[in-house]
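Undergrad: Here you go, one structure.
Just so it is clear, none of the values below were taken in a lab; they were calculated from the coordinates. Please read these numbers as outputs of a predicted model, since none were measured by experiment. Positions of Cβ are backbone-derived with ideal geometry, glycine not excepted, and every protein chain shown enters the neighbour counts.
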Amino acid sequence: MLERPVLCSALLVVATLSALAQPNRPAVSSRADFQISGTLVDSNTGQPIARARVAIAPVTERDNFSTMFTQEDGRFAFPRLMPGKYTLSAQARGYLLQSFNQHDQFSSSIVVGPDLDSANLLFRLPPEGAISGVVADEAGEPVRDAQVMLYSTGLSGGSEATRRRAATMTNDEGAYHFGHLAPGRYLVAVSARPWYAQHSILHASGGTASGDAPVNPQLDVAYPVTFFPGVTEAEAAAPLVVGRGEKLSADLNLQPVAALHIRVPRDPDAERPTRIALEKRVLDGPPIQIGEQISNHENDREIVGLPPGHYTMRTFPLSRDGGNDSTLAREIDVGNNGEINNAKASSYVPLSAKVEFNAGTSLGQVSLQLLNKRTREVLSERVGNGGELAFKQGVLPGSYEVSLASSSGFYLRSLSATGATVTGRTIDIRPGNTVTLAIGATIGEGQITGTALRLDKPVAGAMIVLVPADPAHNQVLYRRDQSDSDGTFTLPAVVPGRYTVLAIGSGWDLEWTKPSVLSSYMTAGVVVEVQANGKYDVKVPVQ
Amino acid sequence: MSRVLVQMNGRSMLTGPEGEFSFDSVPAGTSFVGLIKPGYFIPASKPLAGTMGHSINVGPDTGKVVLKLAPEAVVTGQVTGQDGEPLEGAAIQVLAYMWMDGGHQLVPARGAVRTDEDGNFRIAGLRAGRYYLEVKAGNVTRRVLGAQSSKAPTAYPAVVYYPGTPELAASAALDLLAGQKMEAEFSLALATAYRLTGQLVTVGGWKQIFAPVIVDALDQPLFGADQFDPTSGAFEFRAVPAGTYSVRVSGTDLQDRHNVSIQKMTVSRNVSDLRFSLRPGLEIPVAVRTEFSKPKQSRSCSSTQPGGAVEQSDCSDYPPARIELMSTESLRIRFSTDYSPMKDPAGLSLHGVAPGKYRVRAMPTMGGYVQSVRSGNLDLLREELIVPEDGTVAPIEVVLRDDTGALNVVVRTRKPGEKASILVVPEDVLFPNIASTMGTGLSFSQFTPGNYKVFAFDSLEGIDYYDTQTLAEYASQAARVTVAANGNASVVVDVIHVGD
């Protein structure tokens, strides 16, 4: 689901005297009489944090910082401020950089002004964790230049998913380090080549012995992608649970397996020379390249140095200006030495689209986005000048939600497709077809503002969720915000339709993208019918 | 040493626990044995060049051969910033001099590494030799809360050389021995940083314009533009500390050619009216004249057309020379003529040459030697070519000839059987092609005419012979010879004992 950029909500510590009791007080004061102050503490131990940078900036001028350092007592103070809303953030060694009361990418800004208490704030900073380790080979020697990848697994941003967070290379001691980690569950995967591996062409075409000496089988080996604690199946990977501020150690040993050879005969119909690469998507993350291509005299290719497994075989044109050519890609399973006839077959389905805009000459930047319902990956392609676009690499068969991302407020109003079945905004793509989409786009996103209340009192810090009708098929229409201290919130860029607004007091750990999780809250939610360009204000009870 | 990969005659094996290895059926004569082990090198004197193995003579009586490997050197250290706080994310790079493209260039010896949370760094994989260490921390403050505040931005210095100077000339070299572990500390202070805005003005049509980048002396990025609008050319650098910088300005023209130029700038306060210009490069015609007197060798050239068809010819439609312009300001900027079948192979062109200073190299593609390369009155074999911002450059004229001469070198040794390392060094040219061998003499039947200095060293250990300064020290002990066209030259040279 698309997340909107950071929205700040204001924190207002309600003063005991309400404004109504002081009719002579001027409505707005313009003297720099106010302050933001408080104590910065470790969210685990409650102890004050010294030598931290604390910074405030007006929300209207986010890079106009005033900064100070805390002493041993962890206190911070920014005196002589004009009334207004300010962001408050802190950074310290060993702690994650955070804004005040931060949840996901939402946080609270501080409202400063008469009768508002912005002093004595308690700012809790979570300590950051780390995972480091040493990668060693079968002889116990360090493996240098191994690619190490870190994945977070579990609930994040409202859904259960495994996402790649970082990647690094081991140094000469085989050591790697991932720092600045938020608490959570992590997986570590390693991809490397044995430094002594020697591969040469196994399949001599025509059956005659090649001039090269036979390959030493002891050296024709490869390391499979290995997961901590040292397994090669992703399901057996052991999660590393980083509690607040924990520094975990995760060492791995790599074991070689016989490397496989895949021969790809030259395609006599190919118009131009091509190069082949085998990629592997580890834990459904970004692909990494495995193995190398060797060519023999007749321009047959052989991919060597392959551990067994599932790969995407991509064919790239070698021409100098072949940048715009689409590449062929197909999924293959490699279990033995073999031959793959690469011509034509591609697992990836070509997809192109034409977008008709009903208004406006200045489109700004518009992109078509496809949310893969299974992997939750979002594919994005810019809409060209004539409203045309194509996903050059093709897309994998599957179920996708289609939406537009636009800075000018365009949204998808109609969708039809050839080569794929359409249900609402979801398309189902089967292998083998070519898919063309026809999309109608219109301008006029709406906006919903409102107040979150419990027994008529405003509630700060509640999670506000905008749930679309038919949520299972419209994940891209969800919107979220965190309520201000005066209980107010804003849900921008709302695609016209029917919605339910929910306010959940401690909703930040819910798997809210799953419709069943929110169903019990729906009856007490507020229903809004959003028309094009409509602006609505609602009062929502906090559950 | 155990587990070393030994390669010989196309076969490979790993050494056993005592470092033992054996190959059967090795042909008699000289063979090359390659040795590979992470963290080790074949001992060599130059930090960047180096061989992968040893040449050994194999005969029926060859007994056990002992080969040696030298361990890598490692540089570790810490970078601290304001108030002694460890600095994370600073880029550390080890540099060394290498002869390249007609000059002694400083190049990275290894890839850059970044300091970790504790400000520590570690660079391994270094051969013994002389290195320079630099830290680039100008961008570190982007990750420091509030440091790049628009009110009073601060930044760390863009480049600092060990032990702590912004000038390479004042930096201390690290002379590393094999296996040495050296520690190097950097202590950096925050300085006022300035906001620079301006416009990239384009002249002519461009397919794509890239944001200007502030680069270091090696044309590696220091600061990227924080804002850039390709349509208007407006750019902004938010926090650049005071100093003199090079700015890389580049774009792709309508013929899909990449045009890059380096422009200089000094920063000492906020500036709001900077102007950089991206202009279509100059088109420099190149005329190649061949004055061949000897009968042409028959040749065959083939090229693959876009449709897949292969065309054969006798090569007369190919240019007889390839001309390359190499920028003296950046290793990454160079322009060269095409090498493909042409209607008029003698009339070449260099396209889109950006303003700057260049060294010109001409390479014959079909025999012969380069007798002269001129642009107007400029002798490009010996001088640099300056391409102005406004104006033109006289066409480059290249003359190729094949009237080579013969050269015979005899070494006058002190002891019988003594072998020397013989160098024949062309005098006074930008791209000397140095002929070298080891023996008691050298004989060429087809040698490029010209003036030469001939050296005979008893050992080349520690001599970087492409370094003109090194050779200048021994110039008085060299012999001089002139090879005339179609001539026959002979020279006797004394052995230089480097140790003396």
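Undergrad: So which chymotrypsin sites (Phe, Trp or Tyr not before Pro) in region A:28-91 are both in a DSSP loop and have at most 16 other Cβ atoms within 10 Å of their Cβ? Display every interim value, and only then the final one.
TA: Details: sites: A:F34, A:F65, A:F69, A:F76, A:Y86; in loops: A:F65.
Of the chymotrypsin sites (Phe, Trp or Tyr not before Pro), not one in the loops of region A:28-91 has a Cβ with at most 16 other Cβ atoms within 10 Å.
Undergrad: For A:L351, B:L460, which order do you get if you count the other beta carbons within 10 Å of each Cβ and list the fewest first?
TA: Ascending number of Cβ neighbours within 10 Å: B:L460, A:L351.
Undergrad: Positive end of the charge dipole of region B:195-278 (Lys, Arg +1 and Asp, Glu -1 on Cβ, about the Cα centre): tell me which of B:V215, B:T252, B:M265 has its Cα farthest that way.
TA: Looking along the dipole axis, the top candidate is B:M265.
Undergrad: For peptide B:140-149, compute the average count of partner chain beta-carbon atoms within 10 Å of each residue's beta-carbon. Show your work: numbers first, answer last.
TA: Details: counts 0, 0, 0, 2, 5, 12, 13, 5, 2, 8.
Taking all residues of B:140-149 together, the mean is 5.
Undergrad: Now for a separate question. So which trypsin sites (Lys or Arg not before Pro) in region B:105-193 are both in a DSSP loop and have at most 14 other Cβ atoms within 10 Å of their Cβ?
TA: Filter output for region B:105-193: B:K151.
Undergrad: What lysines does B:K151 reach when the alpha-carbon gap must be under 30 Å and sequence neighbours fewer than 8 apart in one chain are set aside?
TA: Of all the lysines, those that pass the test against B:K151 - Cα under 30 Å, at least 8 places apart if same chain - are A:K85, B:K136, B:K264.
Undergrad: Among the lysines, which have Cα under 29 Å from the Cα of B:K296 when same-chain residues fewer than 8 positions away are ignored?
TA: Once the sequence-local lysines are set aside, what remains near B:K296 is B:K343.
Undergrad: Which of rounded, prolate, oblate describes region B:282-401, given a ≥ b ≥ c as roots of the alpha-carbon gyration tensor eigenvalues and a/c under 1.5 marking rounded, otherwise prolate only if a/b is larger than b/c?
TA: Note, shape of region B:282-401 comes out oblate.
Undergrad: When N is the residue count of region B:52-193, what does its C-alpha Rg come to as a fraction of 2.2 N^0.38 Å?
TA: Compared with the compact-globule rule of thumb, region B:52-193 sits at 1.38.
Undergrad: First select every other residue whose beta carbon is under 10 angstrom from the beta carbon of B:P153; then total the charges, Lys and Arg +1, Asp and Glu -1.
TA: +2
Undergrad: Right, next: Would you mind computing, in nm to one decimal, how far apart the modelled labels at B:D24 and A:S520 are, each placed 7 Å from Cα along Cα→Cβ?
TA: 7.7 nm
Undergrad: Pop out the ³J(HN,Hα) list for region A:443-457 in order, Karplus 6.51 cos²θ - 1.76 cosθ + 1.60 with θ = phi - 60°, rounded to Hz; leave Gly and Pro as x.
TA: Karplus values, whole Hz, x for Gly and Pro: 9, x, 5, x, 8, 10, 10, x, 10, 9, 10, 10, 6, 6, 9.
Undergrad: Within region B:418-495, list the trypsin sites (Lys or Arg not before Pro) lying in a DSSP loop whose Cβ has at most 15 other Cβ atoms in a 10 Å radius.
TA: Taking region B:418-495 and a limit of 15 other Cβ atoms within 10 Å, the loop trypsin sites (Lys or Arg not before Pro) found are B:K419.
Undergrad: Of all DSSP beta bridges located in the protein assembly as shown, what percent are antiparallel, nearest 5?
TA: Close to 80 percent.
Undergrad: Under 1.5 on a/c is rounded, so check that first for the protein assembly as shown, then, if it is not, pick prolate when a/b is larger than b/c and oblate when it is not; a ≥ b ≥ c are the square roots of the alpha carbon gyration tensor eigenvalues. Before the final figure, lay out each step's value.
TA: Values: a/c = 1.80, a/b = 1.68, b/c = 1.07.
Prolate shape, in that a/c is at least 1.5 and a/b is the bigger ratio.
Undergrad: I want the local charge near A:R165. Using Cβ-Cβ distances under 14 Å, sum +1 for each Lys or Arg and -1 for each Asp or Glu among the other residues.
TA: Taking every Cβ under 14 Å from that of A:R165, the sum is +1.
Undergrad: Let me ask you something else. Is the C-alpha gyration tensor of chain B telling us rounded, prolate or oblate? Criteria: a/c under 1.5 is rounded; beyond that, a/b larger than b/c is prolate, otherwise oblate.
TA: oblate
Undergrad: Rg(Cα) of region A:446-541 divided by 2.2 N^0.38 Å?
TA: Dividing the Cα radius of gyration by 2.2 N^0.38 Å gives 0.98.
Undergrad: Starting from the Cα of B:K419, draw a straight line to each of the lysines and keep only those under 28 Å, dropping any in the same chain fewer than 8 residues away.
TA: Correct list for B:K419: B:K46, B:K64, B:K68, B:K453.
Undergrad: HN-Hα J couplings of region A:167-172 from phi, Karplus 6.51/-1.76/1.60, θ = phi - 60°, integer Hz, Gly and Pro as x?
TA: Ordered by residue, 3J(HN,Hα) equals 9, 8, 10, 6, 8, 5 Hz.
Undergrad: Using Cβ counts within 10 Å as a stand-in for footprinting exposure, how do B:E283, B:E72, B:E397 rank, fewest first?
TA: Taking fewest neighbouring Cβ atoms as first place, the list is B:E283, B:E397, B:E72.
Undergrad: Rank these for me by crowding, B:K357, B:K207, going from fewest to most other beta carbons within 10 Å.
TA: B:K207, B:K357
Undergrad: About the Cα centre of the protein assembly as shown, how large is the charge dipole given +1 on each Lys and Arg Cβ and -1 on each Asp and Glu Cβ? Please answer in debye to the nearest 20.
TA: In total the dipole reaches around 1360 debye.
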